[in-house]
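Scroll down for the structure; my scribbles are underneath it.
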């Protein structure tokens, strides 16, 4: 039986290229998503063995989508990203991401990553192996998440220019509840204006500048 995966990336051309790579390796892409929220829905509906996600996507970024998929469904996730910086890698590892593949190596590594993850292993691009060793040696790097997954999605949507009404509609809550989310987030972060939330979202990798 071929391995069944869901593939999420907001660039259709990249998805097509990856689909071809997977097809040539006998891996079936059973669903495609253009953002993290859609990837979560497809994972729930299609129950793939692995979900492969771009880190930087609109509406819900890949790392938050992967966290939700893992927590709700137990499906392992692989992140595709340009970011090799320590804080991105360490956060992904702390949240239980099963694979971390740097995009400039994706053509060579992504099939191997899927096969390793299906076998129950963790796959990391060779360029970030040193970071992993430091993480294992330094037990103080783990940190508690300040915001919930829902709150992180709200911050991302605000940073992408959505009004509170638009945010509320996209996450399926009333405007009043959306306003409560926003107020609670600002209180937690000690941020008092939208520009500050945008800066926070960029620093956290929730959205691109």
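Out of the residues in segment 128-149 that are at pLDDT 65 or above and in contact with a helix residue (DSSP H, G or I) (Cβ under 7 Å, 6 or more places away or on another chain), state the one that is nearest to residue 67 (Cα to Cα).
149
Is there a residue being under 10 Å from the mean Cα position of the chain (by Cα), modelled with pLDDT under 95, part of a helix (DSSP H, G or I) and closer than 29 Å to residue 85 by Cα anywhere in segment 9-25?
no
Taking only segment 96-127 into account, find how many residues are buried (at least 18 other Cβ atoms within 10 Å of the Cβ) and at pLDDT below 85.
The number of residues fulfilling the criteria is 1.
Give the residue, chosen from 171, 191, that is closer than 22 Å to residue 55 by Cα and not assigned by TED's automatic domain parsing to the domain that holds residue 60.
171
For segment 1-22, how many residues meet the condition of being buried (at least 17 other Cβ atoms within 10 Å of the Cβ) and out of contact with any helix residue (DSSP H, G or I) (no Cβ under 9 Å at 6 or more places or on another chain)?
2
Scan segment 32-42 and tell me whether some residue there is under 13 Å from the mean Cα position of the chain (by Cα) and either surrounded by fewer than 19 Cβ atoms within 10 Å (Cβ to Cβ) or in a strand (DSSP E or B) (or both).
yes
The values are calculated or read from the model by the stated rules, or taken from the named source; none is laboratory data. What you see is a predicted model, and the numbers here were worked out from it, not measured in a lab. Here the Cβ is made from the backbone with ideal geometry for all residues, glycine too, and neighbour counts use every protein chain on show.
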